[in-house]
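Only the coordinates and a few stated rules stand behind these numbers; no lab work does. In this text, all values refer to a predicted model and were calculated from it rather than measured experimentally. Here the Cβ is made from the backbone with ideal geometry for all residues, glycine too, and neighbour counts use every protein chain on show.
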Amino acid sequence: MANRGVQRPNCSVQGKICQFKLVLLGESAVGKSSLVLRFVKGQFYEYQESTIGAAFLTQTVCMDDTTIKFEIWDTAGQERYHSLAPMYYRGAQAAIVVYDITNQETFNRARAWINELKRQASPNIVIALAGNKADLASKRAVEAEHAETYAEENGLLFMETSAKTALNVSEIFVAIAKKLPKNSVENGQGSGKTGVDLNQNPKNAASGCCSK
């Protein structure tokens, strides 16, 4: 596993700093690693090596008086790694399920991942569906309207993205950040853990909540 995380410097140090675990799922070669690399480092490589197991990265999103720190697990898409996936989405507060808009089978597989998340992941997990490779729209196999209807019916965020052109890459992470329930367990009650206030309790990064 590789730690390739960097943080954007323009986030205010004032207010809340909340940490959330986010996992990327999807078939091999749909562009999961490219999306993360574009989001974290602003880079894109035409030929990206396949992820082995999972890669770990971090990035921050600034929202008003709150800085959201994403702990991102970029999972391998090859079938032989499928059995490892629950290890990464267990305890995750958010997931991005990625498919390639030029490949119908990857969309079918994305729906299977979403069904698995709904069965086995946290009941409050925020799920986003990303139709990647929007720059190849001339080779489209999955219509945006079809994917959007599916997302609406299943309570998902949906965007078409392009790691190559950066279309909607930051936007999908920001949309997730806006939906995360940052104050729902502020008094530490209940089992629905959300984010961690790093100003208050930097050693316990796996669970907890945000507060001033």
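Structural remarks
- Modelled label positions at Ala141 and Asn124, each set 7 Å beyond Cα in the direction of Cβ, lie 3.8 nm from each other.
- Think of each Lys and Arg Cβ as +1 and each Asp and Glu Cβ as -1; about the Cα centre, that makes the dipole of region 94-152 roughly 200 debye.
- Cross-link pairs beyond the 20 Å C-alpha cut-off, checked among Lys41/Lys118; Lys21/Lys133; Lys133/Lys178; Lys21/Lys69; Lys16/Lys182: Lys41/Lys118; Lys21/Lys133; Lys133/Lys178
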